[in-house]
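Reading through the structure tokens given below for one structure.
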Amino acid sequence: MYSKEVMDHFMNPRNVGEMPDADGVGTEGNPVCGDMMKLFIKVKDNRIEDAKFQTFGCGAAIAVSSMITEMIKGKTLEEAMAISKEQVASALGGLPPQKMHCSNLGADALRKAIDNYRQKQASGTE
Amino acid sequence: MECYFDHVATTPLRPEVLNAMMPYFREEFGNPLSIYPLGTTAREAVESAREQVAALINAKNAEIIFTSSGAEANNFALRGIAFARQHEGKHIIVTRMEHHSILNSARFLEKMGFTATYLPPDKYGLIDPEAVKKAIIDETILISVIDASPEVGTIEPIREIAAIARERNITLHTDAVASVGNIPVDVKELGVDLLSMSAHQFNGPKGAGALYLREGQRIIPLIFGGIQEGGRRAGTENVSAIVGMGRAAEISKAELPLRVENIRQLRDRLIKDIMKIEDVHFTGHPEKRLPGHASFCVEYIEGEGMLLMLAAKGIYVASGSACTSKALKSSPVLLSMGIPTHVAHGSVVFTLGADNTEEQIEYALEEFPRIIKRLRELSPFAKGWGDMEEGGTCIPKK
């Protein structure tokens, strides 16, 4: 049912774990719905230097999480913001129709993480 | 190592069963209604299968109606009795433990002007006979209660419910798809009027089921047409599948006592060790359950992930989690037992069969804890649900 890429990112997820010194954190979803992603980013000179994630969810949700951390590393915040859920899904070789909503999880968590970083910057807590 | 632990999904066809079926695909291809020898052979094969199936559940031959599946038998029972007795009343009672083929039939009957009561189970998945008694009104004509749950393994108190139904002259049906062939089932002892079963649940072929209909019980057919199955179920018989069902029933009857004991021992070993893992909940009733059934909810992770990782190790199980269902909805059975939605997402169901071995159980017990650990490492809830405990409701996003 899943593509080779989805299975690879699910079985060997990249960038797993917490990031205690993250510059931005985005949480999307909730456990009642069956999936929740927490995305941590480290930002330097407007570029995403590092990203990590923790996800509760199905195979697709975990693969999407892993893939998006790979896609955003090294990107400027603007470039990362422009990543669409369709791009995440297509990088994974597609998702089954009933699992397409899982790609929202990654894109939405990413936007929240970047917003969180910018808010922190604006309020000067850094 | 390959370990098939999903015997509620289906079971492997026994080689003896396939051998019994083979002649009826080619040489003995006759229509049982034909009067020349080819027809007679086919008819005799169907009748002998009927005898074998009847013997498995202690019924009379004439009380067995072959169907295409357990789902058809369930549809037939609900609609057939509801329409046969509608002049006496239009209320039916079913439970929240039922399979979709019962629940959706009940919903259909509601659209046809019937009313239905859906009884909730307790936390073990048990239906209280007293609750059935209380739900009965003057218009109640039919009660349908599942014999054993494929999702949580719980075996319902059918005999007690049958006594209540009989007293009030209400027809009682039980969906015994998960139990027939896996535990001893005796229709006389249970006291039911109708009972559904399915061949592929006990090493028979797919596409063969049966409805037990107590002698003297009137029913309206689901499929109208010719005189097959005493005019109660039209359509040329699926002879080879019926023959296979008969042979599988015969084997089950002979092997059942020993098989039940072996499977139960393997299952108990599995449950004992899995329950040592932290934050794993056992689902269903601890004693009143199918011998091969072990079901759990593993907290902080989602069922599909477990299924995929187990499958990568050659271990095949099921889950009642939302993400593994096409409808993306958590098992209504688990929710009706009071299991919170976020915990129900971690549902995992092992169902053992005659083909499983101790080595397979040991292998699964080595791999499964590792998989849980791995998935929990990925989860933001590895250290608990935190303030997510309350959960709330899920509003699906577009």
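The values are calculated or read from the model by the stated rules, or taken from the named source; none is laboratory data. Just so it is clear, the model here is predicted, and its values are computed rather than measured. Backbone-built Cβ (ideal geometry, glycine too); neighbour counts: all protein chains shown.
Taken over segment B:121-167, residues that are in a loop (DSSP other than H, G, I, E, B), aliphatic (A, V, I, L, M) and over 19 Å from B:VAL185 (Cα atoms) amount to 2. Evaluating B:HIS87 against the criteria (1) in contact with an Asp or Glu (Cβ under 7 Å, 6 or more places away or on another chain); (2) part of a loop (DSSP other than H, G, I, E, B) leaves one unmet condition, (1). Apart from one condition, B:ASN31 fits all of (1) more than 27 Å from the chain's Cα centre (by Cα); (2) part of a helix (DSSP H, G or I); the exception is (2). Taking the criterion of being facing another protein chain (nearest Cβ under 10 Å) and charged (D, E, K, R), the residues of segment B:300-315 that qualify are B:GLU302, B:GLU304. The condition (being among the small types (Gly, Ala, Ser) and not assigned by TED's automatic domain parsing to the domain that holds B:LEU222) is satisfied by just one residue among B:ALA49, B:ALA71, B:ALA9, B:ALA20: B:ALA9. Which residues, taken from segment B:268-325, are of a type in the set (Lys, Arg), within 19 Å of the chain's Cα centre (by Cα) and part of a loop (DSSP other than H, G, I, E, B)? The answer is B:LYS288, and nothing else. The condition of being touching a residue at least 12 places away in the same chain (Cβ under 8 Å), under 18 Å from B:LEU194 (Cβ atoms) and of a type in the set (A, V, I, L, M) holds for B:ALA82. All told, A:ARG14 falls short of being surrounded by fewer than 21 Cβ atoms within 10 Å (Cβ to Cβ), within 14 Å of A:ILE114 (Cα to Cα) and either touching a residue at least 60 places away in the same chain (Cβ under 8 Å) or among the basic types (Lys, Arg) (or both).
The residue that is nearest to A:GLU49 (Cα to Cα), among those in segment A:82-105 that are part of a helix (DSSP H, G or I) and either touching a Lys or Arg at 6+ places or on another chain (Cβ under 7 Å) or β-branched (Val, Ile, Thr) (or both), is A:VAL88.
Among the residues of segment B:33-53, those that are touching a residue at least 60 places away in the same chain (Cβ under 8 Å) and under 28 Å from B:ALA176 (Cα atoms) comprise B:ALA42, B:ALA45, B:VAL46, B:SER48, B:ALA49, B:ARG50, B:GLU51, B:GLN52, B:VAL53. Restricting attention to segment A:58-91, the residues being within 30 Å of B:VAL298 (Cα to Cα) and within 13 Å of the chain's Cα centre (by Cα) number 14. Determine if segment B:220-243 includes at least one residue that is within 22 Å of the chain's Cα centre (by Cα), over 25 Å from B:LEU109 (Cα atoms) and acidic (Asp, Glu). No, segment B:220-243 contains no residue that is within 22 Å of the chain's Cα centre (by Cα), over 25 Å from B:LEU109 (Cα atoms) and acidic (Asp, Glu).
On the given criteria, is A:GLU86 touching a residue at least 12 places away in the same chain (Cβ under 8 Å), farther than 30 Å from B:GLY338 by Cα and surrounded by fewer than 23 Cβ atoms within 10 Å (Cβ to Cβ)? Yes.
Tallying residues that are assigned to a loop (DSSP other than H, G, I, E, B) and over 16 Å from B:ALA49 (Cα atoms) within segment B:223-267 yields 9.
Taking first residues from segment B:211-227 that are farther than 20 Å from B:ILE146 by Cβ and partners that are of a type in the set (A, V, I, L, M, F, W, C) and assigned to a loop (DSSP other than H, G, I, E, B), the Cβ contacts under 6 Å between residues at least 6 apart in sequence or on separate chains come to B:ILE223/B:ALA234; B:PHE224/B:ALA234; B:GLY225/B:ALA234; B:GLY226/B:ALA234.
Taking the conditions exactly as written (facing another protein chain (nearest Cβ under 10 Å), touching a residue at least 40 places away in the same chain (Cβ under 8 Å) and out of contact with any Asp or Glu (no Cβ under 6 Å at 6 or more places or on another chain)), does A:ASP108 satisfy them or not? Taking the combined requirement at face value, the residue does not satisfy it.
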